[in-house]
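K.L.:
Please see the structure below; I have some questions.
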Amino acid sequence: MDLIELAVKAKQGDEEAFLERMSVDKHKLYGIAYSYMLNQQDALDAVQETVSKVWAKRKSLKQPEYFTTWVIRILIRVCMDEQKKKRREVPTAADHMGYDAILAPQSVDSDHKLDMEKQIRKLQPKYRMVIVLKYYRDLTIPDIAELMDKPEGTIRTWLHKGLKQMRTEMLEEKDQEEKESPWTEDRKVRKYV
């Protein structure tokens with residue numbers, strides 16, 4: 001059975017077809033949820049909430065060929081709602097300890113990855129979403145435009161502005177680190193203050 005047939009049967013209430021269709025996109029959904037929620041448990045909770053909402057709203061799906069796009073839209077809304085709730089909550093010391101343990105660098109590559117993730121988190125939500133969908137989920141500009149219900153030109157602008165903001169902030173941080181470095185560039189001799 002192809003994906004469109006599975007989506008049609010899922011819309012009609014076939015639980016097996018629904019579960020099979022959802023399992024096709026499970027890695028993509030988890031990746032998007034993780035990019036928003038920044039930890040495994042919250043990402044899994046968001047995916048679970050999304051599956052529940054998709055099942056409840058399955059009859060509102062207008063075009064079965066856009067099933068994945070429709071599910072991702074619901075997932076993004078769920079993630080954004082959860083982020084709003086978290087902003088209202090006061091984090092505890094245990095929350096910070098768990099977060100730091102997850103982000104503990106393992107190697108130089110992971111340090112670079114963490115720097116990128118830190119820069120992405122600083123972006124406005126619309127820029128962050130476009131960058132994550134483009135570079136982490138490998139979606140095309142037309143797919144992102146369809147998903148976000150925006151014109152392709154708007155998506156290209158947001159992508160350009162988001163990348164420009166990341167480059168600017170990374171260069172500023174690099175310049176700041178070089179100024180604070182105890183090593184001189186020309187002689188590699190330790191400065192004594």
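K.L.:
Of the residues in the stretch 137-147, how many are surrounded by 15 or more Cβ atoms within 10 Å (Cβ to Cβ) and either assigned to a helix (DSSP H, G or I) or among the hydrophobic types (A, V, I, L, M, F, W, C) (or both)?
P.N.:
7
K.L.:
Of the residues in the stretch 148-166, how many are open to solvent by less than 60 Å² (accessible area, probe 1.4 Å) and touching a helix residue (DSSP H, G or I) at 6+ places or on another chain (Cβ under 6 Å)?
P.N.:
5
K.L.:
Might you check whether a residue that is open to solvent by 40 Å² or more (accessible area, probe 1.4 Å), of a type in the set (D, E, K, R), modelled with pLDDT under 85 and touching a Leu at 6+ places or on another chain (Cβ under 9 Å) occurs anywhere in the stretch 167-182?
P.N.:
No, there is no match, as no residue in the stretch 167-182 is open to solvent by 40 Å² or more (accessible area, probe 1.4 Å), of a type in the set (D, E, K, R), modelled with pLDDT under 85 and touching a Leu at 6+ places or on another chain (Cβ under 9 Å).
K.L.:
When you scan the stretch 42-75, how many residues do you find that are farther than 17 Å from E5 by Cα and assigned to a helix (DSSP H, G or I)?
P.N.:
Of the residues in that region, 17 qualify.
K.L.:
Looking at the stretch 32-48, I want the residues that are of a type in the set (D, E) and have a partner that is part of a helix (DSSP H, G or I) with Cβ atoms under 7 Å, at least 6 apart or on another chain. Which pairs are those?
P.N.:
Short answer, once both residue conditions are applied: D42/E82.
K.L.:
Pairs only if they're at least six apart or on different chains, beta carbon under 6 angstrom, first in the stretch 65-78 and more than 11 Å from L29 (Cα to Cα), second buried (at least 16 other Cβ atoms within 10 Å of the Cβ); list them, first residue then second.
P.N.:
Pairs found: F67/A7; W70/L61; V78/A46; V78/E49; V78/T50.
K.L.:
Tell me which residues, restricted to the stretch 25-51, are open to solvent by 40 Å² or more (accessible area, probe 1.4 Å) and either of a type in the set (F, W, Y) or in contact with a Ser or Thr (Cβ under 8 Å, 6 or more places away or on another chain) (or both).
P.N.:
Those that are open to solvent by 40 Å² or more (accessible area, probe 1.4 Å) and either of a type in the set (F, W, Y) or in contact with a Ser or Thr (Cβ under 8 Å, 6 or more places away or on another chain) (or both): K28, Y30, Y34.
K.L.:
Would you check which residues across the stretch 1-18 are exposed (fewer than 15 other Cβ atoms within 10 Å of the Cβ) and part of a helix (DSSP H, G or I) and list them?
P.N.:
Answer for the stretch 1-18, where residues must be exposed (fewer than 15 other Cβ atoms within 10 Å of the Cβ) and part of a helix (DSSP H, G or I): I4, E5, E15, E16.
K.L.:
So which of K59, K84 is open to solvent by 70 Å² or more (accessible area, probe 1.4 Å), at pLDDT below 95 and under 20 Å from the mean Cα position of the chain (by Cα)?
P.N.:
K84
K.L.:
Within the set of pairs 6 or more residues apart or between chains, which connect a residue that is under 11 Å from D115 (Cβ atoms) inside the stretch 170-183 to a residue that is at pLDDT 70 or above with Cβ atoms less than 8 Å apart?
P.N.:
If the second residue must be at pLDDT 70 or above, the pairs left are M170/D115; M170/Q119.
K.L.:
Show the residue pairs meeting these rules: Cβ distance below 7 Å; 6+ apart or different chains; first residue within the stretch 110-129 and modelled with pLDDT of 80 or more and among the aromatic types (F, W, Y); second residue open to solvent by 70 Å² or more (accessible area, probe 1.4 Å) and assigned to a helix (DSSP H, G or I).
P.N.:
What qualifies is Y127/K161.
K.L.:
Collect the residues in the stretch 67-77 that are surrounded by 16 or more Cβ atoms within 10 Å (Cβ to Cβ) and under 19 Å from V130 (Cβ atoms), keeping them in residue-number order.
P.N.:
T68, T69, W70, V71, I72, R73, I74, L75, I76
The values are calculated or read from the model by the stated rules, or taken from the named source; none is laboratory data. Predicted model, so just to flag it, every value in this text is computed and none were measured. Every residue, glycine among them, receives a Cβ derived from its backbone with ideal geometry; neighbour counts consider all protein chains shown. The protein model used for the area step is the full one, side chains on, heavy atoms only, and it has no ligands, DNA or RNA in it. Shrake-Rupley method; radii C 1.70, N 1.55, O 1.52, S 1.80 Å.
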